[in-house]
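Trainee: Please see the structure below; I have some questions.
The values are calculated or read from the model by the stated rules, or taken from the named source; none is laboratory data. Given the structure is predicted, the values throughout are model-derived calculations rather than measurements. Cβ sites come from the backbone with ideal geometry, for glycine too, and all protein chains shown count toward neighbours. Please note that ligands, DNA and RNA were not included when accessible areas were found on the heavy atoms of the full protein model with its side chains. Shrake-Rupley method; radii C 1.70, N 1.55, O 1.52, S 1.80 Å.
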Amino acid sequence: MRTSDRRTRSLSARLVVGSALLALVVAAAFGVLVFAVTTLDDATKRERHTKAVTAETLRLERLVLDLDTGLRGFVLTGKNDLLAPWTSARAALPKSLRDFQQLASTTAGERRRAMTLVASIDQYVNDYAVPVVEIARESPAATRQTFVSQEGAQQLAAVRDRFADFLSTESAVAAARTSTAQRRSDEAIATAVAGLIASALLIIGFGLYLARSIARPAREVAEGAARLAGGDLTTRLRPQGVGEIEELTHAFNRMAERLEASRRELEEQNQKLRESEHAKSELVSIVAHELRTPLASVLGFTSILLQREVTDEQRREYLAIIEAQARRLGALVNDFLDVQHLEEGKLSIAKELVDIGSVVREQSELFAGQSPKHLLDVSLPPTPLPVRGDSNRLAQVVANLLSNAIKYSPEGGVVRVAGERTDSVVRVSIQDEGVGIPAELQREIFGKFVRGHATANGIEGSGLGLAISRSLVEAHGGSIDFESTKGRGSTFWFEIPTASPE
């Protein structure tokens, strides 16, 4: 026992000392690397700042040149439309000057050079350009004198010289900073590499020591782990070794016991994951298919409008297509959001007195002109059909059913819409003469992303409309169902409890 304790203490002490020494060397090496990275990062930030200052300086210079261009054009021709560059540049100049001064203020020298440049611009604008424009408006001939243009050229040349001096000085300062940072970084990297080499040597020596001290019992642990990984969850290890190794065998045995006990739970979770992956793949496929066509239309016709000259009639036609496809995209996004809100229980349903007959009539009128091949036959009683709920959500249900009736009867025909009231419920039914629903799909037709053969037949949709409709109807305390025969059409209906007027 005493020998074992001494060995345990000796092994632990050596491990601690070796680990501490290795940690110090590695920490030092990484500290130097961090210094090198920080130096490079600082140089990068300074370089980005210099580029930003340069870009703002060039923008400011372009504004000054625009001022001069508009000024000269107006003075020479007297045409107000040629003064447009002057007007726009002068309006943008104050903000550009503020941005320039804010950027060019990292050092006293840079700030001083920036103030000098700004002062020369102000002098050119206020002392020459503005007065010349005012005079040209009153007396154009007076500003066409040679000395006026010479004075403007001299002042503009002075401003451009200051621009050039500022840019050259900024570039020189940035180059010097980058060079210094690169030199320091190179020195730090060299030191860090030396430290890492020393760390590698210490790691090799430390590894050899550990291999001699604990390799044999650790090998048994590895073999047991291999058997466990191969599926033999009954594997157990005989506790042996010193200190930490013995604790490792006990932990291994506890882990094996837990793995064996939780195998069934893991299999159930894997099944759920596979179902989730399948649903995700189906969602990605539907989203990609449904978004690709309207998005391509929006991008295509937008590109045409941007790149080609078109007539007003063509522009209206293209914009109408873009609007229709954008609405289609919006409807798809709204469907996905509705499903998410329904699943999370976040979709609010108003509880107001609603005449569902009016809702059906309005939606039928909206859909009546969508397809010349379809005739909507609406049958509603002369008296209201009162329910208590959310008129917008009920309209969404009716719209989904009408849209499906039209889409899934591509050859056209009559779509019969009816509403009636019994003693306790209001019933709305929508019947089409379309393709119908195959018997094998009827049990899951209200599920999310269920579309049957719609994709293969070129029928648009996300497969969410019926799922959303069922959730909305049930949220109103009602029920929804259907009857369908393949090739002979479908009839969908929903029932909601009646409400008495207050």
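Trainee: Collect the residues in the range 223-244 that are at pLDDT 75 or above, open to solvent by less than 60 Å² (accessible area, probe 1.4 Å) and outside any loop (DSSP other than H, G, I, E, B), keeping them in residue-number order.
Mentor: Hit for the range 223-244 is Ala225, nothing else.
Trainee: Moving on. I'd like the full set of residues that are at pLDDT 70 or above, open to solvent by 30 Å² or more (accessible area, probe 1.4 Å) and not basic (Lys, Arg), limited to the range 442-462.
Mentor: Scanning the range 442-462 gives Gln442, Glu444.
Trainee: Can Pro131 be described as farther than 12 Å from Val64 by Cα, surrounded by fewer than 19 Cβ atoms within 10 Å (Cβ to Cβ) and in contact with a Gly (Cβ under 8 Å, 6 or more places away or on another chain)?
Mentor: no
Trainee: Then there is this: Yes or no: the range 304-319 includes at least one residue that is modelled with pLDDT under 75, assigned to a helix (DSSP H, G or I) and open to solvent by 100 Å² or more (accessible area, probe 1.4 Å).
Mentor: Checked the range 304-319: no residue is modelled with pLDDT under 75, assigned to a helix (DSSP H, G or I) and open to solvent by 100 Å² or more (accessible area, probe 1.4 Å).
Trainee: If you don't mind, another one. Take the conditions over 21 Å from Glu56 (Cα atoms), of a type in the set (Asp, Glu) and modelled with pLDDT of 80 or more and apply them to Asp122. Does it pass?
Mentor: Taking the combined requirement at face value, the residue does not satisfy it.
Trainee: Of the conditions (1) in a loop (DSSP other than H, G, I, E, B); (2) open to solvent by less than 70 Å² (accessible area, probe 1.4 Å); (3) modelled with pLDDT of 65 or more, Asn253 satisfies every one except a single condition; which number is it?
Mentor: Checking Asn253 against (1) in a loop (DSSP other than H, G, I, E, B); (2) open to solvent by less than 70 Å² (accessible area, probe 1.4 Å); (3) modelled with pLDDT of 65 or more, the one that fails is (1).
Trainee: Suppose the filter is modelled with pLDDT of 90 or more and open to solvent by less than 70 Å² (accessible area, probe 1.4 Å); does Leu385 pass it?
Mentor: Yes: the conditions hold for Leu385.
Trainee: While we're on this one: How many residues does the range 63-78 contain that are in contact with a Lys or Arg (Cβ under 8 Å, 6 or more places away or on another chain) and surrounded by fewer than 16 Cβ atoms within 10 Å (Cβ to Cβ)?
Mentor: Selection size over the range 63-78: 1.
Trainee: Answer yes if at least one residue in the range 97-118 is out of contact with any Pro (no Cβ under 6 Å at 6 or more places or on another chain), touching a residue at least 40 places away in the same chain (Cβ under 8 Å), surrounded by 13 or more Cβ atoms within 10 Å (Cβ to Cβ) and not in a helix (DSSP H, G or I), and no otherwise.
Mentor: Checked against the condition, which is being out of contact with any Pro (no Cβ under 6 Å at 6 or more places or on another chain), touching a residue at least 40 places away in the same chain (Cβ under 8 Å), surrounded by 13 or more Cβ atoms within 10 Å (Cβ to Cβ) and not in a helix (DSSP H, G or I), the range 97-118 yields at least one hit.
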